[in-house]
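The structure under discussion appears below in the form of structure tokens.
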Amino acid sequence: MAGKQPNILVVLTDQQRRDTMAAYGNRWIDARHMDALAAKSFVFENCYCTQPVCAPARSSIMTGLYPHTTGLVRNHVPLPRDMPTLGELMPDVYYNAHMGKWHLGDDVVAQRGFDTWLAIEDFHRPDFTRDEYREIEAPYNDWLRVHGVEPPPWTLPYEYWLPNANLTEEQTQAGYLGHVASEFIRDYPSGPHADRPWLLQVNFFEPHPPYTGPLNDLYDPDAIDVGPAFMKRPDGGSLANRLRADFYLGGGNNPNGVKGGDIHDTTTEAGWRRLLARYYANVTLVDRQLGRILAALEASGQADNTIIVFFSDHGEMGGDHGMCEKRCLYEEAARVPLLVHVPWLNKGTQTRVPGSISHVDIMPTLLELAGAEHLPAIHGRSRADVLRGEADLGDNDVVVEWTGAGDRGLGSPEINRMVAMPWRSLITPDRFKLNLSPVDQCELYDLNADPFEMTNLYDDPAQRDRIRDMAARLRLWQAATGDDMPLPTV
């Protein structure tokens, strides 16, 4: 590096399961660019989001704070102005660019320390904090017009519009971001800020539903792999999850998908496989654009001085436990891929990182790698020492929250009532997972013996002392982070 601060490329996907690339056991999906990146990166075995829904997770990614502190415990809540983000805390020498999904308020205007801002969404206008922002279109709309497509009216979310839009790969939001991010990287060395290192954050919408796209026929639904929890009702689990499984397995669809015509037969295995195959096709859609971006990085001569971070905000159930989307604590929704490539540390080889890491740790890690001298008082901590081989994650507990009050409708009043109830989940280094709620059936899973969370051990008398110890750890975490959710007596 010769003393030069590195460029940092952050690629964030939306709703990408951990098991969507070879590094995490997928043997058949075409994710060749993710796989190639993983082959020369730190591959974190267990990365958990702080809350499995978009805005809360993204608030933690950008601030290093848990959602109960950021106040973003559901979507459609703007991030408070007094909470500094990654862009604002980067060393002053950096030129910062943000492209893609924001979801933290005022989506269409440059903010939070970012010098370049290219939005893909403007349908959140009713939530914008200033009237003048409501007149601004997302640049993605111009991309559509250039490609002969009339953009949706601002009142229509992209996921409602997409199922009937018949877009090509290039016309999708992924195609737009692949183009503008590659252009930024390619042109930077000859641009006006070439003497400064850059931070580029590229936030894809895909593979977030709808479960459809330009690559719908890429995978044979009968040939894809499914796990033991596929279409299995969680009989021993929480009432919230049993109600949701009954809704989906009985023919229900994601209510947002129904509004856009993205409807699937969830009463049959063939219907679920079709949904899942199309979801995986959208992972490949993102992968192709990732390849485009990484190719531009190599061609520009900047790869040797660029840190690359690839991860997702949360996962997707995809039929496991009989459920779609997220909003639960199962591994498919809460655990995500995390790849970190640091050229001078990896030296072209893969390093597996055992243990667990949280979304709150990503921002402080990047700040330390960027040379920030002072890290803020936040919940997360830098894990740069793990990357340098000076520490490990062997004693790290991870907490996942759920605070669903005020979230959107999920199919029935009964489901909505139970999903509104709060949860806290603790995952310990020995891979036990305790999910506590004050009003629902609590859960304990042994992720070593039961990685698909099929057997709830919470009411097993042999586990009482383990549960007491884990509950105590949760209460200490609450005290340290200012969380006042009432935990049940155990």
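The values are calculated or read from the model by the stated rules, or taken from the named source; none is laboratory data. Everything numeric here is computed off the predicted structure, so don't read it as measured data. As a convention, Cβ positions derive from the backbone with ideal geometry for all residues, glycine included, and neighbour counts pool all protein chains shown. Heads up: the accessible areas ignore ligands, DNA and RNA and are worked out on the full protein's heavy atoms, side chains in. Shrake-Rupley method; radii C 1.70, N 1.55, O 1.52, S 1.80 Å.
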If the chain between ARG32 and THR268 were fully extended at 0.36 nm per residue, the gain over the current Cα-Cα distance would be 81.9 nm
List the chymotrypsin sites (Phe, Trp or Tyr not before Pro) within segment 1-102 that fall in a DSSP loop (any state other than H, G, I, E or B) and whose Cβ has at most 14 other Cβ atoms within 10 Å. TRP28
Going by Cα centres, segment 28-87 and segment 92-166 are how many Å apart? 19 Å
With a 1.4 Å probe and every protein chain kept in, tell me what percent of the accessible surface of segment 295-374 is carbon plus sulfur. 52 percent
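May I have the convex hull volume per residue, in Å³, for the Cα set of segment 106-243?
Working: hull volume 29.3 nm³, N = 138.
That works out to 212 Å³ per residue.
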Taking a label point 7 Å from the Cα of MET485 along Cα-to-Cβ, the residues of segment 423-455 whose backbone nitrogen sits under 17 Å from it are 423-428, 433-445
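Check each of the trypsin sites (Lys or Arg not before Pro) in segment 1-42 and keep only those in coil by DSSP with at most 12 other C-beta atoms within 10 angstrom; list them in order.
Passing both the DSSP loop test and the Cβ count: LYS4, ARG27.
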Residue-averaged [θ]222 nm for the chain, counting only DSSP H segments that reach four residues, each worth -39500 (n - 2.57): -8500 deg cm²/dmol
Please compute the modelled spin-label separation between TRP344 and ASP187, points set 7 Å along Cα→Cβ, answer in nm with one decimal. 3.0 nm
Note down the magnitude of the dipole of the chain about its Cα centre, charges +1 on Lys and Arg C-beta and -1 on Asp and Glu C-beta and zero elsewhere, to the nearest 20 debye. 400 debye
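Which length gain, in nm to one decimal place, applies between LYS259 and THR155 when the Cα-Cα distance is subtracted from 0.36 nm times their residue separation?
Working: separation 104, 0.36 × 104 = 37.44 nm, distance 1.28 nm.
Computed gain between LYS259 and THR155 is 36.2 nm.
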Gain upon complete extension [HIS374, HIS147; 0.36 nm per residue less C-alpha separation]: 77.2 nm
Rg and Dmax [Cα atoms of the chain; Å; Rg one decimal, Dmax integer]: 21.4, 67
HN-Hα couplings for segment 10-23 via Karplus (6.51, -1.76, 1.60; θ = phi - 60°), in whole Hz with x for Gly/Pro, come out as 10, 10, 10, 9, 10, 6, 9, 4, 5, 8, 10, 8, 4, 4
What GluC sites (Glu not before Pro) does segment 354-397 have in DSSP loop regions with at most 13 other beta carbons within 10 Å? GLU373, GLU390
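Averaged per residue, what accessible surface does the chain expose to a 1.4 Å probe, in Å²? All intermediate terms of the calculation are to be shown ahead of the outcome.
Working: 17780 Å² over 490 residues.
On a per-residue basis, 36 Å².
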